[in-house]
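Here, each number is a calculation from the coordinates, and none is a lab measurement. This is a predicted model, so every value here is computed, not measured. Positions of Cβ are backbone-derived with ideal geometry, glycine not excepted, and every protein chain shown enters the neighbour counts.
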Amino acid sequence: MNDKTKGNLTAGSLITCHFMLSVFTLIFPIFALIFLGWYLRKRDLLNDSATTQLNKFVVWLALPALLFDITATSAIASLWQPGFVLSFTLSVFVIFTLTVAVQKKRNMSLSESAIDGLNTSYANTGFMGFPLLMAVAGSETQTPVLIATIITVCVLFAVAIVLIEIDLSKAVSLRSLIADVSVKLLKNPVVIAPMAGVMFTAFDIDPPQPLLTTASLLGHAAAPCALVTIGLFIAGSHTSTKGSSASVISFVITKLLVHPALAYVIAMLIMPDNATGIFYVVLLSALPAGTGPFMLAEYYQKEAAKVPASILITTVMSPFTLGVIIYLFQ
């Protein structure tokens, strides 16, 4: 090995180590907020009902406001990156669909399978994506991260809600099922808010500034409140996760290894000459699980016990997997 090769390897290793340290710095607030929720519950400063009530605040106010803010202020022209959009969307929905199919084959309900599907496909693009990619490649990454966030938080989340509502519906015919689910979706702020935001964008209308300010204030509360809620749930949970440990391990492996690997294959097929776009797709796909699965699991009271474990473990392991990806793409 010559000196030049050694120098390149050393430089690459230093960049990777620096990036991993940056990731650890960025994930610290995630664990801090979860710990604070856990501490408040253990000290009985907040009781069991706080978990449900705080999660309802996120689902009914904070998250819809965040989704409206994202969609109402996004310029459609800047989001038109068909290769990136198709690559990321396919990777997300292939993983989601495969997970749902596998869980259904294991006799899980459709609603539980949908939440499990989110565990393996719902990347933490909003909370971690923006600062991480900014640290790696600068401000030019804002648009790809925004696209990934819209696909994940708006589209994927909505599909999961549709599947859950279909499973919970008591309709006896296809027509009544469609009507029942449609009414429930139209009453769900997580679905309506981004639709309203898209209307502003589609017709090139600027939302009133007071409305945007209100949405922004509420939206910024979504992630912190969701993380505190996870801590509350962990501290107050009396549900054994012994039987679900295998599922959690499979979710972690799928989210951190299978998802980015599949994203790489898909992106290579769709945009083989766009090395930068492929890198963004893979890195965003490799991000740990976000709080979305927990919000729905807690809200619908479906298999909430194993979701926090998936979020925690993928977040802990992500600096290593992300660091490897950065090193390989250097």
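Numbers below:
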| item | result |
| --- | --- |
| Qualifying positions in region 164-179 - closer than 26 Å to Leu67 by Cβ, surrounded by fewer than 17 Cβ atoms within 10 Å (Cβ to Cβ) and of a type outside the set (A, V, I, L, M) | Asp167, Ser169 |
| Residue check, Phe294 in contact with a helix residue (DSSP H, G or I) (Cβ under 9 Å, 6 or more places away or on another chain), free of Cβ contacts under 8 Å to residues at least 60 places away in the same chain and not β-branched (Val, Ile, Thr) | no |
| Residue check for Met134: out of contact with any Cys (no Cβ under 7 Å at 6 or more places or on another chain), within 22 Å of Thr315 (Cβ to Cβ), of a type in the set (A, V, I, L, M) and free of Cβ contacts under 8 Å to residues at least 24 places away in the same chain | yes |
| Any helices (runs of 4 or more DSSP H) falling wholly within region 250-329 and containing at least 1 residues that are crowded, with 22+ Cβ neighbours inside 10 Å and in contact with a strand residue (DSSP E or B) (Cβ under 7 Å, 6 or more places away or on another chain) | 275-285, 306-329 |
| Tally of residues being assigned to a helix (DSSP H, G or I) and at positive phi across region 42-75 | 0 |
| Condition check for Leu227: buried (at least 17 other Cβ atoms within 10 Å of the Cβ), farther than 23 Å from Val85 by Cβ and not β-branched (Val, Ile, Thr) | yes |
| Hey, Val162 among the aliphatic types (A, V, I, L, M) and in contact (Cβ under 8 Å) with a residue 40 or more places away in the chain or not | no |
| Selection from region 150-192 of residues that are in a helix (DSSP H, G or I), under 20 Å from Ala297 (Cα atoms) and polar (S, T, N, Q) | Thr152 |
